[in-house]
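Beneath this line is the structure, given in structure tokens, with notes to follow.
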Amino acid sequence: STLSSLGLVLQKFAHARRSAADALRTPCDAGRGGRSSNLGGRLAVAAAAAYVLQPWWLLGFGVFLAAGAVNMVSMAMTPQLILSCLGSWSLVCNLVFANLLLGERICRKQARAMAALVPSIA
């Protein structure tokens, strides 16, 4: 469950990096060098097609897939009562990873909710 959350946040990190990089580019960048504006459109399509080849996205996807395999095995061997706590734990992990990797703020309301959730999981 922790690894699933980490994998998803890493993928979101890749999205955020890509969006920030795209925001820095100007529309004029695509047509430089005397090429037609249609070339800029084709380059944008090629860049979007290669999106899943970004290292951070691939790392996140790999972690997510590995976590899925581990979860599948653990679900076959663990009682449902114990597994039901994992959903709550995922919320805590998402909050922590999003704060650490994405810089998302944790407001007081979220911190109180997570502080109440952690003892209930244990």
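The values are calculated or read from the model by the stated rules, or taken from the named source; none is laboratory data. Computed from a prediction, not measured in an experiment: that's the story for all the values here. Every residue, glycine among them, receives a Cβ derived from its backbone with ideal geometry; neighbour counts consider all protein chains shown. Note: areas computed on protein heavy atoms with side chains; ligands, DNA, RNA excluded. Shrake-Rupley method; radii C 1.70, N 1.55, O 1.52, S 1.80 Å.
Being among the β-branched types (Val, Ile, Thr) and modelled with pLDDT under 60 is the filter here, so list the residues in the stretch 26-77 that pass it. Across the stretch 26-77, the qualifying residues are THR26, VAL45. Take the conditions (1) buried (at least 16 other Cβ atoms within 10 Å of the Cβ); (2) modelled with pLDDT of 90 or more; ARG112 misses just one of them, which is (1). Determine, yes or no, whether LEU101 is at negative phi and at pLDDT below 85. In short, no. Of all residue pairs spaced 6 or more apart or on separate chains, those with beta-carbon atoms under 7 Å, a first member in the stretch 90-103 that is open to solvent by less than 50 Å² (accessible area, probe 1.4 Å) and a second member that is aromatic (Phe, Trp, Tyr) are LEU102/PHE13. Can you spot a residue in the stretch 63-79 that is in contact (Cβ under 8 Å) with a residue 12 or more places away in the chain, closer than 12 Å to VAL9 by Cα and open to solvent by less than 70 Å² (accessible area, probe 1.4 Å)? Checked against the condition, which is being in contact (Cβ under 8 Å) with a residue 12 or more places away in the chain, closer than 12 Å to VAL9 by Cα and open to solvent by less than 70 Å² (accessible area, probe 1.4 Å), the stretch 63-79 yields at least one hit.
Could you tell me whether SER120 is outside any loop (DSSP other than H, G, I, E, B), touching a Leu at 6+ places or on another chain (Cβ under 9 Å), touching a residue at least 12 places away in the same chain (Cβ under 8 Å) and small (Gly, Ala, Ser)? Answer is no for this residue.
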